[in-house]
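The values are calculated or read from the model by the stated rules, or taken from the named source; none is laboratory data. Only a predicted model underlies this, so the values are computations on that prediction, with no experimental measurement involved. Cβ placement follows ideal geometry from the backbone for every residue including glycine, while neighbour counts extend to all protein chains displayed.
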Amino acid sequence: MIKKILIANRGEIALRIIRACKELNIKSVAVFSEVDLQGVWLKKADECYPILGDPIKAYLDYEKIVSLAKKADCDAIHPGYGFLSEDADFATHCEKNGIIFIGPKAEHVALFGDKIASKRALSKVGVPVLPGTDEPISDIDEAIKIAKEIGFPVIIKAAFGGGGRGMRIVQDPKNFKKLFEAATKEAISFFGKGDVFIEKFLENPRHIEVQIVADSFGNVVHLGERDCSIQRRHQKVIEISPSPSLNQDVRKEIYRASQKAMFRLGYESVGTLEYLVDKDDNFYFIEMNTRIQVEHTITEAISGVDLVKRMIEIAGGDKLRFLQEEIFFKGYAIEFRINAEDPEKNFAPTPGKITEYLSPGGPGIRLDSIAYKGYEIPMYYDSMISKLTVWSLDWKGVVNKARRALDEFIIRGVSSNIALHRQIVRDEDFINGVFDTGYLDKKLPNFSLGAIDDIEQETKKMEQISQTIKSIKENNLKVIQ
Ligand code: MV4
């Protein structure tokens, strides 16, 4: 049994993991960089230790982190998402030092870090993948030959890539050489490895992912899918579960294929299979995430499963406490990522002090947030400061509730993407559940994203009220009490 966990992360996910620890009666240890002293999660952890020096390197310094875990008498480390969460060397380093890495086996972290190897492994156990090369390719003439066989357009992807880096779409064979070289160069500079592969390119697919939770006894359960099509520059903005546009037969098939594949591979922990879905509802596996994801909250909302708690128990050697037959999905959930950024300045991050803060609440609202009045958002990390998860019994209901919740949400001092979210939940296509990965780029020019004058409206309303009270008093009017 795990008794004490070090959290190798910061922000809302550190807080989320601390909350899970408390509910499991596990002690939590936070580590923090020089610029994170104001972090609200530090107040909630049982112990906190600083990692001095470069704020960016702090949460990546795994020798230091494992040494702190040992000194603080922790039996496990939770990596959260980002940072060290998908670093197989880190998982191995934990193991070597007698610390449990809360995640999959190091061999699976390594396997799924390689997109070519992932595709090969999943294809072998019956999951559909897009036509393309099943090995890295470096010979340009051969690459063009294969691209012609697949048929243009094709996409060149970095094997160890992410965030859209090292990726190039090729519409015309005459641009192939130039784009192939650019992809390889970018892959080397961002990921240290230049391996690339080629794949048939799908125009504006939907991005659907399946959540898996699996224990070390071979029990594999799926927890439904998330529609992550609403993205900007490969950053997810809104995620939805279940997908409002997926056909029920296809849904069943994508679950069955995912579950079977993870069983056959002996996968353990939480994990997500990412798929592209075309207009005819054909689905193709593209990559696997071996971490707890940002958007896990919507799966928790419709399934009732606490993914972080179950992930910790599985790492401690416990059996999964439910079977597939005991899981029932209820309603719809949407997650809105609230970022401190300026949509009018090309979404540039806006670090700085939050001067006013009012959070939404009420039935069906969940907030995973580190924001508070007075908090100074540091400039060194991701701009996401809050996640608003909204749940309701049906799609129309969840959209209405989201509109209400977003209207309640006030953050001042720094600009945020709340205005963007307010526009999306009023967009007819969104309301009708019609969106794919091309949605946001298409809609952005039509949205007005300036700071909303809700402060002006509020002031006007309050002035009116005090005017009314004044005139009642002046005229000595009787009012019904
Ligand atoms: C694709 C694709 C179309 N065809 N692969 C993969 C990682 C994710 N961040 C984007 N990915 C895509 N992979 C094939 N074979 C479309 C995307 C994609 C995308 C590509 C270019 C520009 C914007 C995009 C937005 C969402 C998805």
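Summary of computed values
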{"read-out": "Residue that is within 28 Å of VAL210 (Cβ to Cβ), buried (at least 21 other Cβ atoms within 10 Å of the Cβ) and away from the ligand (no atom under 16 Å from the Cβ), where the choices are VAL109, VAL154, VAL125", "value": "VAL109"}
{"read-out": "Hey, ASN97 of a type outside the set (A, V, I, L, M), within 25 Å of TYR255 (Cβ to Cβ) and out of contact with any strand residue (DSSP E or B) (no Cβ under 7 Å at 6 or more places or on another chain) or not", "value": "no"}
{"read-out": "Residues located in region 106-138, provided they are within 21 Å of the chain's Cα centre (by Cα) and either assigned by TED's automatic domain parsing to the domain that holds ILE292 or in a loop (DSSP other than H, G, I, E, B) (or both)", "value": "ASP114"}
{"read-out": "Of all residues in region 163-197 being under 25 Å from PHE283 (Cα atoms) and among the β-branched types (Val, Ile, Thr), the one that is farthest from the ligand (Cβ to nearest atom)", "value": "VAL196"}
{"read-out": "Inter-residue pairs, beta-carbon under 7 Å, first closer than 17 Å to PRO131 by Cα and in region 265-284, second away from the ligand (no atom under 16 Å from the Cβ), 6+ apart", "value": "TYR275/ILE254; ASP281/ASN247; ASP281/VAL250; PHE283/VAL250; PHE283/ILE254"}
{"read-out": "Filter result (assigned to a loop (DSSP other than H, G, I, E, B) and surrounded by 12 or more Cβ atoms within 10 Å (Cβ to Cβ)) within region 160-178", "value": "PHE160, GLY161, GLY162, GLY164, ARG165, GLY166, MET167, GLN171"}
{"read-out": "Close pairs (6 angstrom Cβ cut-off, 6 or more residues apart or separate chains): under 18 Å from ALA159 (Cβ atoms) and without any contact (Cβ under 8 Å) to a residue 24 or more places away in the chain in region 102-129, of a type in the set (Asp, Glu) and surrounded by fewer than 21 Cβ atoms within 10 Å (Cβ to Cβ) anywhere", "value": "ARG120/ASP134"}
{"read-out": "Out of LEU406, LEU420, LEU440, sole residue that is assigned to a helix (DSSP H, G or I) and within 16 Å of the ligand (Cβ to nearest atom)", "value": "LEU440"}
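Let's see how each residue does on (1) in contact (Cβ under 8 Å) with a residue 12 or more places away in the chain; (2) part of a loop (DSSP other than H, G, I, E, B); (3) crowded, with 18+ Cβ neighbours inside 10 Å:
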position: LEU6; (1), (2), (3): yes, no, yes
position: GLU12; (1), (2), (3): yes, no, yes
position: ARG16; (1), (2), (3): yes, no, yes
position: ASP36; (1), (2), (3): yes, yes, yes
position: LEU42; (1), (2), (3): yes, no, yes
position: TYR49; (1), (2), (3): yes, no, no
position: LYS57; (1), (2), (3): no, no, no
position: VAL66; (1), (2), (3): yes, no, yes
position: ALA69; (1), (2), (3): yes, no, yes
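Residues are listed down the side, and each one gets a yes or a no for (1) within 19 Å of LYS345 (Cβ to Cβ); (2) out of contact with any Pro (no Cβ under 8 Å at 6 or more places or on another chain); (3) not assigned by TED's automatic domain parsing to the domain that holds LYS236:
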position	(1), (2), (3)
LYS396	no, yes, no
GLU408	no, no, no
GLY413	yes, yes, no
ASN417	yes, no, no
HIS421	yes, yes, no
ASP429	no, yes, no
GLY433	no, no, no
THR459	no, yes, yes
GLU463	no, yes, yes
